[in-house]
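The values are calculated or read from the model by the stated rules, or taken from the named source; none is laboratory data. Please read all numbers here as calculations on a predicted model, not as lab measurements. All Cβ positions, glycine included, derive from the backbone under ideal geometry; neighbour counts span all protein chains shown. Remember, those area values only see protein heavy atoms, side chains included, never the ligands or the DNA or RNA. Shrake-Rupley method; radii C 1.70, N 1.55, O 1.52, S 1.80 Å.
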Amino acid sequence: MRDFFRSIKFRLILCLIALLIGIMLYSLSQSGHSVGGSKFINTIAAPFRYVSNAVSDTLKTNTAHIFSSKKYYDENLELREEISRLRAELIDYDNTKAELSELKKFIGIKEEHADYVLSPPCKVLAYTTNDPFCSFIIDKGSDDGISVADPVVTAEGLVGAVTEISEKYCTVKTILSPELSIGVKAMRKSDSGILEGDIKFAADGLAQIIYVKKDSKLEAGDTIITTGSSGLFPADYPIGTVNETGNAPSGLSRYASVKPFVDIDNLTSVMVVTSFEGKGEADGY
């Protein structure tokens, strides 16, 4: 070891170290000028500065995206609220348009039958489940001046009658039901009978006229209207047209099936006739 410290090699290493120290001291004494060691230090530090700058730029970009996304999110919420509002207005418009259309029809009823006292237009809320005769519930009741047995109509024809009632709602049996018996006649003939529902006809949306005289001239296409003789239904209100005629099973009379003017199983609104001329004045069919 002593030989190494005394050797030329050791002396050369000391000279090299002294030279490097001198270069570093000189670099520090030169403000703003880079030589030797400074370049070396800068070279070593450059990758770290690059990474730092890249991270900074990425953070700036992501921050901008975050604020932009928040802005777009808020705008999207506003647009959705506007769409919901416009959709609600459109629904209200469609409902109002439908109500006006129905009112026009019922105004026609009043113009043709000045003696009728009509309820407000009644919305059909629901049909009775599993009822082959298409009874249904409406959104008006005794608070609206309606009573049991009041006739239910549309502008096209007779629908049925109120059979159950509460303050706010009614149940309506239709002319397809055997629970209703209505005096009817052919509009331009003397033939008459009683309209009653029957399950074998109701399946096809038809009612039937029973107790038709054997010598009746009723035929397909004849218009059937109410007689008004029972006092329960107004006179001369349209019901439908004769679909077919035939002999009753007893052989003592004939029958006729009737296609109602009203699309019984697709109603959305109806009107109740709460009073009319001759109401309650029953004198037989």
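Pairs of Cα atoms under 8 Å, at least six residues apart: use those to get the relative contact order of segment 217-285, whole percent.
35
With a 10 Å radius around each residue's Cβ, average the other Cβ atoms per peptide and rank 200-209, 111-120, highest first.
Answer by packing, highest mean first, reads 200-209, 111-120.
Provide the per residue accessible area, probe 1.4 Å, for segment 179-264, rounded to a whole number of square angstrom.
On a per-residue basis, 48 Å².
In whole Hz, what ³J(HN,Hα) sequence does segment 109-123 give by Karplus (6.51, -1.76, 1.60; θ = phi - 60°), x for Gly and Pro?
Karplus-based 3J(HN,Hα) across segment 109-123 equals 4, 5, 5, 7, 10, 5, 7, 6, 9, 10, 6, x, x, 10, 7 Hz.
What order, most packed first, do the peptides 229-238, 153-162 have when packing is the mean number of other Cβ atoms within 10 Å of each residue?
Ranking, from highest mean packing down: 153-162, 229-238.
Work out how much length Ser181 to Asp236 would gain on full extension: take 0.36 nm times their residue separation and subtract the Cα-Cα distance, in nm to one decimal.
Working it through step by step, the gained length comes to 18.2 nm.
Packing-wise, with mean Cβ within 10 Å as the measure, how do 125-131, 164-170 rank, highest first?
Put in order of decreasing packing, that is 164-170, 125-131.
List the relative contact order of segment 132-179 as a percent without decimals, with contacts defined as Cα pairs under 8 Å and 6+ residues apart.
After rounding, I find 43 percent.
How far is it, in nm, from the label point at Lys104 to the one at Asp131 when both lie 7 Å from their Cα along the line to the Cβ?
Label-label distance for Lys104 and Asp131, simple model: 3.1 nm.
Estimate the FRET efficiency between Asp144 and Arg85 by the formula 1/(1 + (r/R0)^6), using the beta-carbon distance for r and 30 Å for R0, to the nearest 0.05.
Efficiency, from the Cβ-Cβ distance: 0.40.
Using Cα pairs closer than 8 Å and at least 6 residues apart in sequence, work out the relative contact order for segment 164-285, in percent.
Relative contact order, segment 164-285: 23 percent.
On a full-extension model of 0.36 nm per residue, what is the gain between Ala220 and Asp263, subtracting their alpha-carbon distance, rounded to one decimal in nm?
Contour length minus the Cα-Cα distance gives 13.6 nm.
Would you check the accessible area of Leu252, probe 1.4 Å, heavy atoms only, in square angstrom rounded to 10?
140
In what sequence, largest accessible area first, do Met271, Met187 appear using a 1.4 Å probe?
From most accessible down to least: Met187, Met271.
Show the residues, 5+ positions off or on another chain, whose built amide H is closer than 5 Å to the amide H of Phe261.
Gly240, Thr241
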